[in-house]
Each structure stands twice: as structure tokens, then as C-alpha cells.
Amino acid sequence: MTTVCIAKRHVPDLPELHRAYETNYMALMKLLPSTEDGGARLYNVAQSLQFAVRILENTRYTTLLEICQHNDELPDFLRSHMQVRLYHDARMAEVCVSQQISRLLPSYDYPNPAMHQRDEKEQCNHFLAEWLRFCLAHGYSAQALAY
């Protein structure tokens, strides 16, 4: 007798994901750098924790942001880095790039060669939500950043 194991494919929870997108959009609008500042701001959060938010693209309906952690004590691979697309007409923000993943897919088969989690995109968006809550709850200071 042969046993066949069929892996269940991950199905994203769309209502939950949309809630995260909408919450992230509202929080990012509070942190969005202005184009007068050159489109980049450095935020000091808590003690010795800095994040830079930079506008990479700005169109009528979307804005692409880069969010990077600045900490000289950590090696590059441990510093958070993500790109987030803001959809102004839908009032949503979606993580498009995270760490070494250049394009996040809605779901992944598991196991896969890169060992991404089945719900990698959801996890990245929930991480962004937690980071934004932390920034807004613990206060932040911002300064223009030249790139």
C-alpha cells in the first residue's frame, strides 16, 4: 500500500490581510516624509533604534516607500529592510519586498528551495503593523535625511 501525502496549499485570510493593509496605510501616512524634505526621513525610536523611510516612487495613485533599519552594531543581514507600496485610492499599504525576498508571493508551497513560510507575505505585513504600532506608541523624532 502506498501512502500519498498531499500538502495543503495556504489560502490567505483576505479580510484579515485587508485589515492589516488598511491599518498599515493609516499608520504610514503619519510617518510619510514630505517631498520638501527630499522624500526621506530618519526616525529615532526608543534607544539607539533608527529607521529611515524614503520615497522611491510617487505617482497619483501609489507611492513606493523603502523602510530600512539603521544600526551600525548589527550586520546588514540582521537589519530590517522592506519596500511598501501605498495604494491611495484603496487606502491600503502592502509589503512588496522584505529582507532578501525581492518579490513576495501571496503564498508559497512548502517546502520550497528558499524555505519561505507558506504565509510569508502575511507575516511581513503583520511585522510592519507591529513595527508601526511600536513607533507610534513609543514616540519618535524625525529629521530630514539626505540620500
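The values are calculated or read from the model by the stated rules, or taken from the named source; none is laboratory data. Bear in mind the structure is a predicted one, so any value in this text is a computation, not a measurement. Virtual Cβ from ideal backbone geometry, glycine too; neighbours counted across all protein chains shown. Just so you know, the surface numbers come from the protein's heavy atoms only, side chains and all, with ligands and any DNA or RNA stripped out. Shrake-Rupley method; radii C 1.70, N 1.55, O 1.52, S 1.80 Å.
Using a probe radius of 1.4 angstrom, the carbon and sulfur fraction of the accessible surface of the stretch 14-138 is 52%. Taking label points 7 Å from Cα along the Cα-to-Cβ direction, residue 44 and residue 56 give a separation of 2.8 nm. Per residue, the stretch 14-138 exposes an accessible area of 56 Å² to a 1.4 Å probe, with every protein chain left in place. By the Stokes-Einstein formula, at 1.002 mPa s and 20 °C, the stretch 14-138 with its Kirkwood radius over alpha-carbon pairs has D equal to 141 µm²/s. Accessible surface comparison of 88, 138, probe 1.4 Å, protein chains only, largest first: the order is 138, 88.
The simple spin-label model puts a point 7 Å past each Cα toward its Cβ; for residue 29 and residue 14 those points are separated by 2.4 nm. Rounded to the nearest Hz, the phi-derived 3J(HN,Hα) couplings of the stretch 120-131 under the Karplus curve 6.51 cos²θ - 1.76 cosθ + 1.60 (θ = phi - 60°) are 4, 5, 4, 4, 5, 5, 6, 4, 4, 4, 5, 5, where x marks glycine and proline.
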